[in-house]
Number of protein chains: 2
Amino acid sequence: MSDNRQKILEEIKVQGDLVRKLKAAKESKEKIDVEVAKLLALKAKVAEEEDEAVGGAGQKFLLKTPKGTRDYNPQQMALRQGVLDKIVTVFKKHGAESIDTPVFERKEVLTGKYGEDAKLIYDLKDQGGEILSLRYDLTVPLARYLAMSKISSIKRYHIAKVYRRDNPAMTRGRYREFYQCDFDIAGTYDLMIPDAECVKVVSEILGGLDIGDYVIKLNHRMILDGMFEACGVPADKFRSICSAVDKLDKSPWEEVKREMIDEKGLDESTADQIGEYVQQSGGLELVEKLQQDPKLSASKSAVTGLQQMKTLLKYCEVLGLRNEIRFDLSLARGLDYYTGVIYEAVLTAMPEVTNGGDVEPITVGSVAGGGRYDNLVGMFDPKGKQVPCVGVSIGVERIFSLLEAKQAAEGIKIRTTDVEVYVASAHKGLHEQRLKVITELWDGGIKAEHSYKENPKLLVQLQHCEEQGIPLALILGDAELKKGVVKLREVPTRKEEEISRENIAEELSRRLSLMRNGDF
Amino acid sequence: MSDNRQKILEEIKVQGDLVRKLKAAKESKEKIDVEVAKLLALKAKVAEEEDEAVGGAGQKFLLKTPKGTRDYNPQQMALRQGVLDKIVTVFKKHGAESIDTPVFERKEVLTGKYGEDAKLIYDLKDQGGEILSLRYDLTVPLARYLAMSKISSIKRYHIAKVYRRDNPAMTRGRYREFYQCDFDIAGTYDLMIPDAECVKVVSEILGGLDIGDYVIKLNHRMILDGMFEACGVPADKFRSICSAVDKLDKSPWEEVKREMIDEKGLDESTADQIGEYVQQSGGLELVEKLQQDPKLSASKSAVTGLQQMKTLLKYCEVLGLRNEIRFDLSLARGLDYYTGVIYEAVLTAMPEVTNGGDVEPITVGSVAGGGRYDNLVGMFDPKGKQVPCVGVSIGVERIFSLLEAKQAAEGIKIRTTDVEVYVASAHKGLHEQRLKVITELWDGGIKAEHSYKENPKLLVQLQHCEEQGIPLALILGDAELKKGVVKLREVPTRKEEEISRENIAEELSRRLSLMRNGDF
């Protein structure tokens, strides 16, 4: 470490202490900003030094993508596109329209919507003009859009990337830039009909992907609130106790209980009562049992929530959902804005991954989540007009990671192009002939490519076809061209025959169409 | 205006003057940063006041998207998806793979690539960690990806949004967040074969969209440099004179000439010589004429460039391109990184837009552009290893704007959903029956929707079908259900018939497939 760097690091420490002191003393924003600016300038100095140390003269930067992000290579893109296509097919089957919103919003749009998670929002630099932040999810932009466009009902899907300055865990599919696939139904409708359709949508999507068994957990914010009320949790602690319950998917009850008592200030008997409830899950029979529970029956919130849950379960049954769903009292969901039903889908059996006979378990968390949020649009409407909403979001990054690992283990290689015909030359001097033929193919709508070299070796060209899984190759040669024919090679079988040079696009279209129908 | 606001505005003025003075005096970055921080804090105060003034108690924010951005509503999305699908079809026809990169890059990746335009880059706020900027185009991220992944050849397309803090002109399709559709061929290949394919790709795309006639202008950086050399422009002024020439599509020659003389310091006779060249455009005959030009023949750069242009025009002819292309000496392109051929496509005839008989001209600028950039990847490779690249970018936002305006004028309404069957109830009490029927349809892969109300009015349901262009409606009624049938209504003709309730999904699939084939 250079002496200079050491000196700056010490200055940073001193300046950092000063900023913390000013903040603790609640000094004016201006005063703090001035000292923060000094601190940032010092940090920039160190960063510059580090960059220089890494590269040397010509190469001052680290060649990497930003922390928590990745490039998608063509194999990954092919997989991703396949998954997204399946998801969009389900969304469209349910009659959803699509919308799109900007990647950033005015910061104030996001403020006060995410509770503690707000610290994970990416802000843009103030370069004059508006103060902007990258979107954190697609739900808040939807609510802003509905209020701004004065739309009171819509069924829309939105597939786009969102941004969270979270701790990345990239092998498990947790990134700072990641896709969300959202389906939401906005409008004033009758009880649980749209809510049940969201469950159906999740089930169709997860059932259609090769990711093994899953269960969609269901709960209701009013049941949770009623339960807290019945157990004697003070009303102002509902949300923070809800956050504690939310950790039950990762931590054992004993740990969550300790958090409730030590950090959230509940007394032990209250925590124990909560513990008895949240360890229950089941179906209609559990709802009916809880409806008989004298403590819950005293809570208006619990009574309403249970009644709604009963309706939801009944509709789910009509929609053909039974084993895939479970009413689970431990499901809480982190976000503040939910007001009714909440959902979360998890994989139950890890997909079998055979890598030379071994089974490698892949751990992924929840793969879908959502719920009802009836008050979010009203937060944006100038007159506070509400538009009730319910929706689900598919956690595709986790699904991508899982399928990627699975394909790698099984040695599956997906094609990354759709090329149907490769135009090759058998010897030198034929590149203009190739261009003529391939022009006819392209103009005839055939997916075709050729070498960008004037005189490529035949073997190299044929190898390319086999590696890329291109089904047909046309091989041009002077002798054949003089006879008015070209050689057509079926790449997988290596069978060759001569076909007429004339109307070549038509002939190939005919053959490709037969091959697509499996008649070739 | 409040007294307080007035006072702060005065403080801002004083502080702004101070910052400018420090910058002019080239004071240390730290010292300037401190004063800039004070300035920003003052500005934030005014912004807060303004927000409060706009909204009032409950509503502190402006309900809008950030400057230069827009939401896409379902109609716009349907149009956009249609255009993008056509573009992707062409990219795939040419065998391109796709990749994706993060929306932001480490700032240093973008530094020094865009010349003067770098001031338009969006930076992210320093929240600790890396210093990031939003991508400005898809070309620099591609070069970074190729160097980082050590890829020496790829043919890839990338469709994604890029960000520029430019002056928006939204009616003409110029936004701060906008789509680029890029097709690039990277690799060491033979002269002009990939370059010509890029022209073919642009021509297939523009020819396949309903946007009227176009011309693809072609030029070569080496011809431009040779021309500057021949006219006596000092070598260090090539790029800045190139920028001036680039303005010829918007400004008359006299204006550009004045800029060359008054701002760029050329003498008048040099400018006049340039003027004679850049007003020429044509085909192969122009290349051959210029090859005879004694001044150009003395420039090695011009000789090479003209020879390459000749090859490109010859290949274009083989690819069936003739009237769509023009060698144009005034084409310069703004970006620094081009090293060879440059392209730009412009619409020549404005599409006819009849709005009650009127023709409304829509002005759009260039709709595609690109060129060869052989040195960009080497700027990222630790050992400076080059990967030659050539590519084009389709300016889809302008195409969207144009088609939107056209459809609006022609009164065309595109469907925003793909719903094939609507399940309606003829009277009260049938919502569970509807759920049963629609579950069968969904499970049978049919795109279907129904009302989310328990007891919707029949008329409302049928109106929804007509407005949304849904072709078929099933109407459930107790009388029919008892007989084991349901009513099937052809929405456009309002013809109704009874079909069996049993195997209803199969029967509807059969009919829908006939309808798709036009046999219904």
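Spatial offset of segment A:144-183 relative to segment A:286-301 amounts to 36 Å, using the alpha carbon center of each. Partner shielding of B:30-40 amounts to 5, given as the average count of beta-carbon atoms from other chains within 10 Å of each residue beta-carbon. Taking every alpha-carbon pair under 8 Å whose residues sit at least 6 apart, chain B reaches a relative contact order of 13 percent. Sequentially through segment A:421-433, phi angles give Karplus couplings (6.51, -1.76, 1.60; θ = phi - 60°) of 9, 10, 9, 10, 10, 7, 8, 5, x, 10, 5, 6, 4 Hz, Gly and Pro residues having no value and appearing as x. Backbone phi angles across segment A:261-276, fed through the Karplus curve with coefficients 6.51, -1.76 and 1.60 (θ = phi - 60°), yield HN-Hα couplings of 7, 6, 9, 9, x, 7, 7, 4, 5, 4, 4, 4, 4, 4, x, 5 Hz in residue order; Gly and Pro are listed as x. The ranking of B:I446, B:I241 from fewest to most other beta carbons within 10 Å of each one's beta carbon is B:I446, B:I241. Ordered by the number of other Cβ atoms lying within 10 Å of each residue's own Cβ, fewest first, A:K67, A:K113 fall into the sequence A:K67, A:K113.
Per-residue ellipticity at 222 nm from helix content only, as computed over the protein assembly as shown with -39500 (n - 2.57) for each DSSP H run of at least four residues, stands at -13500 deg cm²/dmol. The ellipsoid that matches the Cα gyration tensor of chain B has semi-axes, each √(5λ) in whole angstrom, of 52, 35, 22, with the longest given first. Note that segment A:69-86 has calculated 3J(HN,Hα) couplings of 10, 8, 7, 9, 7, x, 5, 5, 5, 5, 5, 4, 5, x, 5, 5, 4, 5 Hz, one per residue in order, obtained from phi through the Karplus relation 6.51 cos²θ - 1.76 cosθ + 1.60 (θ = phi - 60°); glycine and proline are x. Would you work out if the protein assembly as shown is rounded, prolate or oblate? Take a ≥ b ≥ c from the square roots of the eigenvalues of the alpha-carbon gyration tensor; rounded if a/c is under 1.5, else prolate when a/b is larger than b/c, oblate otherwise. Taking the square roots of the gyration eigenvalues as a ≥ b ≥ c, the protein assembly as shown is oblate. Is the shape of segment A:219-329 rounded, prolate or oblate, going by the alpha carbon gyration tensor and its root eigenvalues a ≥ b ≥ c, with a/c under 1.5 for rounded and a/b larger than b/c for prolate? Since a/c reaches 1.5 and a/b is larger than b/c, the shape of segment A:219-329 is classed as prolate. Pull out a ≥ b ≥ c, the square roots of the eigenvalues of the alpha-carbon gyration tensor of segment B:421-517, then state rounded if a/c is under 1.5, prolate if not and a/b is larger than b/c, and oblate in the remaining case. Rounded.
Amide H contacts of A:Y72: B:D100, B:T101, each under 5 Å away and 5 or more positions distant or on a separate chain (H built 1.01 Å from N in the peptide plane; Pro and chain starts excluded).
Measuring from each Cβ of chain A to the axis that turns chain A onto chain B, the shortest distance belongs to A:A37, 2 (residue, then whole Å). Note on B:K26 and A:Q280: the model spin-label points, each 7 Å out from Cα along the C-beta direction, lie 7.8 nm apart.
On the beta carbon distance between B:S269 and B:L9, with R0 = 56 Å, the FRET formula returns roughly 0.60.
On a 23 Å Cα-Cα criterion, which of the cross-link pairs A:K43/B:K125; A:K125/B:K113; A:K107/B:K67; A:K310/A:K383; A:K413/B:K107 come out too long? A:K310/A:K383; A:K413/B:K107, as the Cα separations exceed 23 Å there. When you filter the trypsin sites (Lys or Arg not before Pro) in segment A:471-510 for DSSP loop state and at most 13 other Cβ atoms inside 10 Å of their Cβ, you are left with A:R494.
Every number in this text was worked out from the coordinates using simple rules, so none of it is lab data. Values in this document were obtained by computation on a predicted structure and should not be read as measured data. When we count neighbours, we look across all protein chains shown, and the Cβ atoms used for this are built from the backbone with ideal geometry, even at glycine.
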